[in-house]
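The values are calculated or read from the model by the stated rules, or taken from the named source; none is laboratory data. Since we're looking at a predicted model, the values are computed, not measured. Quick reminder, even Gly has a Cβ in these numbers, built from the backbone with ideal geometry, and neighbours come from all protein chains shown. For the accessible areas, the whole protein counts, side chains as well, though only heavy atoms, and no ligand, DNA or RNA atoms are used. Shrake-Rupley method; radii C 1.70, N 1.55, O 1.52, S 1.80 Å.
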Amino acid sequence: MAIKKKSMASSMNDELATRVLDQIPTPVFAVDMDMKLIFINQQGRTLLGKESKDALGHPCYSLFHSQHCETAECRMKTAMASGEPCTARNEAKIGDRVVPIEYTAAPLTDKNGKVVGGLEYILDITERVRDEKRLREQSRTIQEISTPAISLWEGIVVLPVLGVVDSLRAKQMMNAMLTKIKETAAKTIILDIQGVAAVDTAVANHLIKITKATKLMGCRCIISGISPAVAETLVQLGIDLGDVATNSSLRDALGDAFTFMNLEVKKAK
Amino acid sequence: MMNDMAGECRVDLVDLSDTGAALSTARLMAKEAGFEETDQYLIATAVSELATNIIRYAGRGAVNIRIIQDDERTGLEVIAQDSGPGIEDIEQAMQDNYSTGNSLGLGLPGVKRIMDEFTIESRVGQGTTCTARKWRR
């Protein structure tokens, strides 16, 4: 009698557990040591578009065809070998569909703690990936429109720099500058950094490199827009701009450029 | 990415573009703490320096910025933390013109000059924590 009661209770628990797993709104499955499916919940079956009988017993890699499947990247194998859970990004291929996913694999142990397989849950990250892509595209657009090299006068090019300068941006600035010098045969370029968020050592390093490159192209480079705050920062950081010509404002820099090119601005009579 | 609390902000650093977020957060916080414009700029630069170091050498980490107060002064505290490879020789890293990367090697000593207090703790293979404070003059 007691035994019967116990088995009833345990089958009730099994039923509840299955119901809970089936109602988790994300695919969950488990495999044995041979990577063969021994359980898959409702969401998992929906993802695959298969009934339990068509999925169970099949190796998981034959169902999900993900990029990691049957490679050293497979976190299920890692989790089974290390005994530790593992999370990674991946792409599953189900039928013709490629779904970007993030999956967490964990070892499946028996009641003695011996690893007998692995379990895994999958998150569909299609939207996250789409958002990230959009964000990357937007920042690229912003970077492209934010490095304009302007021909200000015959032989004078101005590059106003705004915001945050990182390596990628510095490379774009360098390209924009050198292309413009070649196009316009400019003799003087002005790099206006008034709008730069902060001139740290990395930015200073980029600026020095840009001025060196322009010099090699036979062009004089003036850095303008050095505010008192920038000047103090450069001193505190111990950055030596060496023989780079600097000016506090774009206006002064332009004046210097005119003088250098033997030009004079006069009031019309 | 940013977690706002009263007088405290955390910026997670995953990508080089996050250094921009760290920088503007630092600047806003410095303004809120009542620092004048030049100091705001200096602090923002120091934070940018620390954040760039994290991305360059550790790949990822975080910067915590908070407004601090003692008996008579207000200041800003910056804690830059990563679980990267760590710094083998801190003394060397703090020297001007020393760099293992292709940079000017003025970053850390520069931060030390900008800020009033600066401590760096690092364990090889475990990570680095830089704590810097600046008090309002």
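Remark: relative contact order (chain A) = 10 percent; criterion is Cα-Cα distance under 8 angstrom and separation of 6 or more residues. For chain A, the longest principal axis of the alpha carbon atoms and the long axis of helix A:126-145 meet at an angle near 10°. Round to the nearest 10 and give me the degree value, 0 to 90, for the angle of helix A:2-23's Cα axis relative to the longest principal axis of chain A. Helix A:2-23 and the main axis of chain A meet at about 30 degrees.
Helix A:250-260 and the longest principal axis of the Cα set of chain A meet at an angle near 50°.
Could you pull out the trypsin sites (Lys or Arg not before Pro) across region A:84-148 that fall in loop regions by DSSP (anything but H, G, I, E, B) with no more than 12 other Cβ atoms inside 10 Å?
Of the trypsin sites (Lys or Arg not before Pro), the ones in loops of region A:84-148 whose Cβ has at most 12 other Cβ atoms within 10 Å are A:K111, A:K114.
Relative contact order, whole percent, for region A:146-261 stands at 25, derived from Cα pairs under 8 Å and 6 or more residues apart.
Relative contact order for chain B: 23 percent, from Cα pairs under 8 Å spaced at least 6 residues apart, divided by residue count. Amide hydrogen proximity for B:T74: with H placed 1.01 Å from N in the peptide plane, the residues at 5 or more positions away or on another chain lying under 5 Å are B:R136. Distant-in-sequence amide contacts of A:A197, defined by a placed amide H-H separation under 5 Å and a gap of 5 or more residues or a different chain, comprise A:G163, A:V164, A:V165. Counting only protein heavy atoms and a 1.4 Å probe, region B:8-135 has 47 square angstrom of accessible area per residue.
Restricting the GluC sites (Glu not before Pro) of region B:1-62 to loop positions (DSSP other than H, G, I, E, B) with no more than 16 neighbouring Cβ atoms within 10 Å leaves B:E36. Between amide H atoms placed 1.01 Å from N, distances below 5 Å from A:I190 occur with A:V157, A:V158, A:L159, A:I222, all of them 5 or more places distant or on a separate chain. Overall, the accessible surface of region A:108-265 at a probe of 1.4 angstrom is composed of carbon and sulfur to the extent of 56 percent. Measuring heavy-atom accessible area with a 1.4 angstrom probe and counting protein chains only, the residues of region A:197-227 that give up at least 30 Å² relative to the chain alone are A:A197, A:A198, A:D200, A:T201, A:A202, A:N205.
Interface size, chains A and B: roughly 1800 Å² of accessible area buried, both sides included, 1.4 Å probe, rounded to the nearest 100. Please compute the net charge surrounding A:N247, taking Lys and Arg as +1 and Asp and Glu as -1 over other residues with Cβ under 12 Å from its Cβ. Surrounding charge for A:N247 is -2.
When you filter the GluC sites (Glu not before Pro) in region A:168-269 for DSSP loop state and at most 14 other Cβ atoms inside 10 Å of their Cβ, you are left with A:E264. Can you tell which of A:P228, A:V203, A:A213 lies farthest toward the positive end of the dipole of region A:179-231, using +1 and -1 charges on the Cβ of basic and acidic side chains (Lys, Arg; Asp, Glu)? Value: A:A213. For chain A, what is the accessible area per residue in Å², given a 1.4 Å probe and the full set of protein chains? Heavy-atom accessible area per residue stands at 59 Å².
The fraction of accessible area contributed by carbon and sulfur in chain B is 42 percent, rounded to a whole number (1.4 Å probe; ligands and nucleic acids excluded).
Once the Cβ-Cβ distance of B:K31 and A:L16 is raised to the sixth power relative to R0 = 56 Å, the FRET efficiency obtained is 0.50.
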